[in-house]
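Colleague: Pasting a structure here, questions to come.
Read-outs: derived from the displayed coordinates by stated rules, not from any lab. In this text the structure is predicted, and so the values were computed from the model without any measurement. Cβ: placed from backbone, ideal geometry, glycine included. Neighbour counts: every protein chain shown.
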Amino acid sequence: MSEQPVITAEKLGLTFETNDGPIHALKDVDLTINKGEFVSFIGPSGCGKTTFLRVVADLEQATAGQVTVNGMSPRDARLSRAYGYVFQAAGLLPWRTIGGNIRLPLQVMGIPKADHAARVKRVLELVDLGNFEKKFPWQLSGGMQQRASIARALAFDADLLLMDEPFGALDEIVRDHLNEQLLALWKRTEKTICFVTHSIPEAVYLSSKIVVMSPRPGRVTDVIESTLPAERPLEIRDSAEFLAIAARVRDGLRAGHSYD
């Protein structure tokens with residue numbers, strides 16, 4: 001991992017104006033995410049974790065401060081295809097095959113058709129779905145559909161991957177398996193990953209850095225640099241070092257409630 005900033009937020013704020021008055025989603029967020037980091041965002045529901053990702057992706061616009069992606073505005077980063085986005089639901093089109101779903105962003109972005117087959121093959125192999133290109137989403141399990149969704153986000157080879165709680169609806173055994181696969185994928189591709197989760201063990205297991213957020217308005221209460229080794233079997237979750245990091249995350253979540 002380098003010290004080259006990919007995402008930089010300075011005094012970032014976002015207030016939604018509603019008929020019932022303003023909703024302060026984010027306030028005074030200062031954060032730097034460097035190239036190659038795996039950064040998890042954790043905090044209570046409604047704390048602005050997803051909103052932060054949506055601001056980075058230019059799906060929402062900040063109302064205070066600023067955020068840059070690769071030194072560009074979020075809008076310019078979006079237009080330059082600087083990131084892939086994985087949503088909470090896989091969002092695969094049921095009438096298209098898995099390969100067809102992965103080809104969709106390539107078609108929308110005008111990537112030459114001659115390149116599609118090689119890209120689809122490469123990303124399906126990255127997520128261990130090499131034999132499923134011609135299957136339809138309904139023929140895959142929920143976990144496999146999420147892997148296909150990750151493949152779709154990787155298809156145009158952006159260096160930044162934004163992941164909004166992609167495993168939240170899956171059972172614990174499947175989730176553990178996908179956590180292992182995502183770590184392996186991160187090591188192989190060396191991409192920068194921003195990952196929203198409600199799970200303390202998931203955040204600690206996956207991350208090189210954990211961003212702990214307060215209840216709304218979302219503030220950063222702690223940024224924890226992981227000291228865990230790069231090789232992380234699931235059994236590491238029973239280690240004293242893992243449990244100490246998890247305790248610090250929990251303390252940060254508690255500290256955030258002092259803003260209530």
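Colleague: If I model a spin label as a point 7 Å beyond the Cα along the Cα-Cβ vector, how far apart are those points for THR63 and GLN4 in nm?
Modeller: 3.6 nm
Colleague: Using alpha-carbon positions, what is the distance between the centroids of region 1-55 and region 107-122, in Å?
Modeller: When both Cα centres are located, 32 Å separates them.
Colleague: Among HIS24, LEU160, LEU79, flag the residue with its Cα farthest along the positive direction of the charge dipole of the chain, charges on Cβ as +1 for Lys/Arg and -1 for Asp/Glu.
Modeller: Result: LEU79.
Colleague: Pairs of alpha-carbon atoms within less than 8 angstrom and 6+ residues apart define the contacts here; what relative contact order does the chain have, in percent?
Modeller: Computed over the chain, the figure is 25 percent.
Colleague: What's the angle, to the nearest 10 degrees (0 to 90), between helix 172-189's Cα axis and the longest principal axis of the chain?
Modeller: 80 degrees
Colleague: In a GNM of the chain with a 10 Å cut-off on Cα contacts, which of LYS191, LYS11, LYS27 has the highest mean-square fluctuation?
Modeller: LYS11
Colleague: For ASP171 and GLU231, calculate 0.36 nm times their separation in residues minus their Cα-Cα distance, and state this gained length in nm to one decimal.
Modeller: Gain on stretching ASP171 to GLU231: 19.2 nm.
Colleague: With each pseudo-label sitting 7 Å past Cα toward Cβ, what's the VAL223-ARG122 distance in nm, one decimal?
Modeller: 3.2 nm
Colleague: Ok, one more. Label region 128-168 by shape, choosing from rounded, prolate and oblate, from the square roots a ≥ b ≥ c of the eigenvalues of the Cα gyration tensor; if a/c is under 1.5 it is rounded, and otherwise prolate applies when a/b is larger than b/c, oblate when it is not.
Modeller: It comes out oblate by the Cα gyration axes.
Colleague: About the Cα centre of region 12-105, what is the dipole size in debye to 20, counting +1 per Lys and Arg Cβ and -1 per Asp and Glu Cβ, all else neutral?
Modeller: For this selection, approximately 500 debye.
Colleague: Mind checking the full-extension length gain between ALA247 and THR189? Use 0.36 nm per residue of separation minus the Cα-Cα distance, one decimal, nm.
Modeller: Answer, rounded to one decimal: 17.9 nm.
Colleague: Right, next: With a ≥ b ≥ c taken as the square roots of the eigenvalues of the C-alpha gyration tensor of region 92-157, please select rounded if a/c is under 1.5 and otherwise prolate if a/b is larger than b/c or oblate if it is not?
Modeller: Prolate, because a/c is 1.5 or more and a/b exceeds b/c.
Colleague: Say each of LEU104 and ARG75 gets a label point 7 Å from the Cα, pointing the same way as Cα to Cβ; how far apart are those two points in nm?
Modeller: Once both label points are built, they end up 2.6 nm from each other.
Colleague: Moving on. Quantify how much of the Cα-Cα distance distribution of the chain extends past 28 Å, in percent.
Modeller: 35 percent
Colleague: Using helices alone, what [θ] at 222 nm do you get for the chain, with -39,500 (n - 2.57) per DSSP H run of 4 or more residues, divided over all residues and rounded to the nearest 500?
Modeller: -10500 deg cm²/dmol
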